[in-house]
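What follows is one structure encoded as structure tokens, with my remarks underneath.
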Amino acid sequence: MRRSLVLVAIAAALHLGPVGSAVGQDMLQYFDLKSDEFTKSEYTREEILEAIKAAGPDGVADFSGKRLNGLDLSGLDLTNVKLQSTRISNANFKGAKLDGVVLDQAWALDSDFTGASFKGASLFSTQFMGSKMDGADFTKARVAADFSRASLKDADFTDADLAADMTNQSMGLMRGVFRSTDLEGASFENANLARVVFEYAKLNGANLRGANLMGSELAGADLTGADVTGANFNEADVNSARLLSLQGKDAALNMQSMKNLDRAYVE
């Protein structure tokens, strides 16, 4: 099997739920993350800029499947770039503009996206594990990515769709995964979070106003001080979750239908 196909298979495995995700994580041991595939780049920053210029304002600079690991692409306008299945691990995208960009099945392990903009972007089976993404903007983006162990303090997912794709499961249950992720102060206002994984995530002071958390996995998550006004918690699993000092609790929906509420920390 070609390496690219194997990578896609691994990416899919990472979204199979609590058991499947653990298996997916274990499968990474079969890949050398110190190899050229995850550490080298086929281009320089200057060559990226030249390709964008050559494509023009109406064209697309296509780097699909390429290796851009370790590059400093901070502050660049990458709205006319395609990064599907690209390897961009340990790269610097601070303040970069990625609005509307296709990042499906890209690998961005331990990269820096602080303050980057992903408005309307497509992040399907994208791997952001361990990345720094504080203040990043995902407004109205389609996000079925893995952010496990990443830092997303004050990130904005307003009106974003992170829900599980129930119509196409050929690659497993694709959805947003925030396992052990720092989401302190992040906004998910009016976001679709159905079946999204937030296990052991820090959601202290997060904005969940109007969010759809139906069937989400919140086991061990800390929601202390979060604003849950109008949020739908129908069948959300809150086993061992901290539901303390919640704002707008009386205006939240279906909290009585949460799973394992008797095992959560409540006031």
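The values are calculated or read from the model by the stated rules, or taken from the named source; none is laboratory data. Just so it is clear, the model here is predicted, and its values are computed rather than measured. Cβ placement follows ideal geometry from the backbone for every residue including glycine, while neighbour counts extend to all protein chains displayed.
Every residue in the range 195-224 that is under 14 Å from the mean Cα position of the chain (by Cα) and of a type in the set (Gly, Ala, Ser), please. Matches in the range 195-224: ALA201 only.
Screening LEU123 with (1) part of a loop (DSSP other than H, G, I, E, B); (2) of a type in the set (A, V, I, L, M, F, W, C); (3) without any contact (Cβ under 8 Å) to a residue 60 or more places away in the chain gives one miss only, at (1). Number of residues in the range 133-173 that are buried (at least 24 other Cβ atoms within 10 Å of the Cβ), in a loop (DSSP other than H, G, I, E, B) and in contact (Cβ under 8 Å) with a residue 24 or more places away in the chain: the value is 7.
Determine if the range 62-79 includes at least one residue that is small (Gly, Ala, Ser), closer than 23 Å to ASP134 by Cα, within 18 Å of the chain's Cα centre (by Cα) and surrounded by fewer than 21 Cβ atoms within 10 Å (Cβ to Cβ). So far as the range 62-79 goes, no, none of its residues is small (Gly, Ala, Ser), closer than 23 Å to ASP134 by Cα, within 18 Å of the chain's Cα centre (by Cα) and surrounded by fewer than 21 Cβ atoms within 10 Å (Cβ to Cβ). On the basis of being in a loop (DSSP other than H, G, I, E, B), farther than 22 Å from PHE147 by Cα and either polar (S, T, N, Q) or out of contact with any Pro (no Cβ under 7 Å at 6 or more places or on another chain) (or both), does GLU184 make the cut? No: the conditions fail for GLU184.
Residue-wise test of (1) modelled with pLDDT of 95 or more; (2) in contact with a strand residue (DSSP E or B) (Cβ under 7 Å, 6 or more places away or on another chain); (3) at positive phi.
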site	(1), (2), (3)
THR224	yes, yes, no
ASP227	yes, yes, no
PHE233	yes, yes, no
LYS249	yes, no, no
LEU253	yes, yes, no
GLN256	yes, no, no
ARG263	yes, no, no
GLU267	no, no, no
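Are any residues in the range 181-236 among the β-branched types (Val, Ile, Thr) and touching a residue at least 60 places away in the same chain (Cβ under 8 Å), and if so, which ones?
Of everything in the range 181-236, just one residue is among the β-branched types (Val, Ile, Thr) and touching a residue at least 60 places away in the same chain (Cβ under 8 Å), namely VAL197.
Given the structure, is GLY210 touching a strand residue (DSSP E or B) at 6+ places or on another chain (Cβ under 9 Å), closer than 26 Å to LEU261 by Cα and surrounded by fewer than 24 Cβ atoms within 10 Å (Cβ to Cβ)? Yes, satisfied.
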